[in-house]
Amino acid sequence: MNAFYCSCHAAENPTAYKNRPTAVAGSPETRHGVVVTASYEARQLGVYTTMTVAEALRQCPQLVLIHPDFALYRRYSKAVFEIVREYTPLVEVFSIDECFADISGSSQFGTPFQIALEIQQRISAELDLPCSIGMAPNKFLAKMASDMKKPLGLTELWQADVPHKLWPLPIGDMFGVGTRSAEKMQSLHIHTIGDLAQTDKQRLYDWFGKRGLQLSARANGQDDSPVNPDPEPLKSVGHSITLAEDTATLDDLERVLLNLSDQVGRRLRRHQLTGRTVTLTLRFANRQTITRADTRSSFTDLTEDIYDSAHQLLLKHWNGHRAIRLVGVTISSLSSETGAVPIERQTSLFTSSEHTEAEMERIQKRSQLTKITDKLRDKYGEDIIVRGKMLESHESNQLRNHRSRGTSLQKDILE
């Protein structure tokens with residue numbers, strides 16, 4: 001999709017946003033004030049992603065700023081994928097605004113170009129959204145093709161096209177090569193995709209391991225990864241927040257941890273999963289980042305348990321006065337066993353200690369209460385019932401606002 005977030009707002013409210021320089025961003029007063037995406041009209045006037053709001057307004061005083069609305073983006077995203085699925089069931093969602101579609105069994109709808117053109121026209125006519133589509137024999141080349149012309153591109157990239165269409169591109173433009181990898185490759189005199197394609201494979205293996213061989217194959221147009229319509233199982237569930245102001249106040253950090261743990265627990269229970277390893281991420285004012293993990297003695301989906309582990313990690317690994325800029329809480333080692341299940345109960349069905357019985361009673365009461373509060377929040381909204389500390393006004397309360405919070409890669413919300 002082209003400038004997807006801005007395009008969604010233009011489609012939803014054309015009078016306010018269509019054909020105008022717009023940017024989805026946060027508030028200029030906070031560190032959230034960064035341009036997430038800009039319309040093509042704004043890009044032509046020098047506005048680009050990652051600009052601060054202040055910089056963008058200096059560059060383009062007439063820029064219209066829009067606060068994120070992830071509920072809107074999710075609605076349009078689902079509608080786009082529904083259109084694509086009318087042509088093939090083999091659709092792999094890559095992000096909120098990208099997917100791969102295997103149309104090898106869809107010849108009844110026409111040639112690949114005819115199918116792509118019809119999909120593009122329908123998305124424009126039915127949703128008023130622009131998109132670019134790449135046609136190729138595999139996922140890597142299709143992704144590269146889709147990026148070659150924006151907006152409203154229709155690009156074919158077949159194996160015979162690789163030397164003259166793909167190889168001249170800078171190595172940093174290659175799908176799967178990040179900024180650091182590109183810098184390392186450039187230091188090794190690999191400046192274009194063609195340079196990579198023609199580099200000795202043994203050298204690539206020595207420099208990058210198996211990843212080097214995979215990138216070499218892709219640079220030569222080879223990719224045998226199938227289009228997988230089934231979402232991969234979640235490996236972890238996490239949330240993080242960048243604070244508007246650095247903080248070294250324990251009370252503030254505890255409130256942040258509780259809001260993070262609350263939303264991690266909510267997502268975990270929504271997927272009927274439990275987890276055992278809680279990871280705390282802290283980024284300090286000097287941008288140093290640490291991650292510390294605690295593996296619990298039981299699998300859990302309870303907010304209280306997630307918070308307890310994160311809180312213990314904070315007290316253990318924070319000296320109490322270093323200013324913190326970002327906080328994240330993640331739970332992993334996931335299981336499809338629902339509810340909190342002590343490890344000792346899993347390993348011994350005959351354990352009957354008073355400690356274990358008391359623990360099971362605690363878990364049962366909390367689980368029953370959590371089910372009730374989840375149902376209420378599902379029906380009436382996240383703020384209908386919250387823990388006492390979460391009632392106090394704090395910027396981390398925005399984590400409960402699913403309209404303004406989200407990421408393009410958070411695919412479980414599209415299921």
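Points to keep in mind about this one:
- Residues located in the range 168-221, provided they are closer than 23 Å to Lys139 by Cα, charged (D, E, K, R) and in contact with a helix residue (DSSP H, G or I) (Cβ under 8 Å, 6 or more places away or on another chain): Asp173, Asp195, Lys201, Arg218
- The range 37-50 residues that are assigned by TED's automatic domain parsing to the domain that holds Thr22, paired with ones that are outside any strand (DSSP E or B) and of a type in the set (Ser, Thr, Tyr) (beta carbon under 8 Å, 6 or more apart): Thr37/Tyr5; Thr37/Thr49; Ala38/Tyr48; Ala38/Thr49; Ser39/Ser7; Ser39/Tyr17
- Enumeration of residues in the range 57-87 that are small (Gly, Ala, Ser) and at pLDDT below 95: Ala71
- Count - residues of the range 327-364 that are at pLDDT 90 or above and assigned to a strand (DSSP E or B): 7
- Complete set of residues in the range 98-134 that are closer than 17 Å to Glu156 by Cβ and in contact (Cβ under 8 Å) with a residue 60 or more places away in the chain: Phe100, Ala101, Asp102, Cys131, Ser132
- Of the residues in the range 311-319, at least one is modelled with pLDDT of 90 or more, assigned by TED's automatic domain parsing to the domain that holds Val386, under 25 Å from Thr373 (Cα atoms) and surrounded by 15 or more Cβ atoms within 10 Å (Cβ to Cβ).
- Test: residue in the range 100-115 that is of a type in the set (A, V, I, L, M, F, W, C), in contact with a Lys or Arg (Cβ under 9 Å, 6 or more places away or on another chain) and at pLDDT 95 or above: yes
- Residues being under 17 Å from Pro229 (Cβ atoms) and either in the same structural domain as Ser39 (by TED's automatic domain parsing) or in a loop (DSSP other than H, G, I, E, B) (or both) - total across the range 97-134: 5
- On inspection, Arg31 qualifies as at pLDDT below 95, among the basic types (Lys, Arg) and either more than 18 Å from Gly153 (Cβ to Cβ) or outside any helix (DSSP H, G or I) (or both).
- When Ile190 is tested against (1) closer than 25 Å to Trp158 by Cα; (2) modelled with pLDDT under 95, just one condition goes unmet, and that condition is (2).
- Given (1) under 20 Å from Arg362 (Cα atoms); (2) within 21 Å of the chain's Cα centre (by Cα); (3) not charged (D, E, K, R), number of the condition Leu257 does not satisfy: (1)
- The number of residues in the range 41-55 that are surrounded by 17 or more Cβ atoms within 10 Å (Cβ to Cβ) and in contact with a Pro (Cβ under 9 Å, 6 or more places away or on another chain) comes to 5.
- The residues listed here are Arg270, Arg266; of these, the one that is under 25 Å from the mean Cα position of the chain (by Cα), modelled with pLDDT under 95 and under 18 Å from Val327 (Cβ atoms) is Arg266.
- Looking only at the range 145-177, and only at residues there that are of a type in the set (Val, Ile, Thr) and not in a helix (DSSP H, G or I), the one that is farthest from Ile190 (Cα to Cα): Thr155
- In the range 207-250, the residue that is surrounded by the fewest Cβ atoms within 10 Å (Cβ to Cβ) out of those that are among the charged types (D, E, K, R) and farther than 30 Å from Thr192 by Cα is Asp230.
- Options Glu82, Glu92; residue that is more than 18 Å from Leu154 (Cα to Cα) and touching a residue at least 40 places away in the same chain (Cβ under 8 Å): Glu92
- One residue from Leu260, Leu280 being in contact (Cβ under 8 Å) with a residue 60 or more places away in the chain, hydrophobic (A, V, I, L, M, F, W, C) and buried (at least 18 other Cβ atoms within 10 Å of the Cβ): Leu260
The values are calculated or read from the model by the stated rules, or taken from the named source; none is laboratory data. What you are looking at is a predicted structure, and each value in this text was computed from that prediction instead of being measured. With ideal geometry, Cβ positions are generated from the backbone for all residues, glycine too; neighbour counts draw on all protein chains shown.
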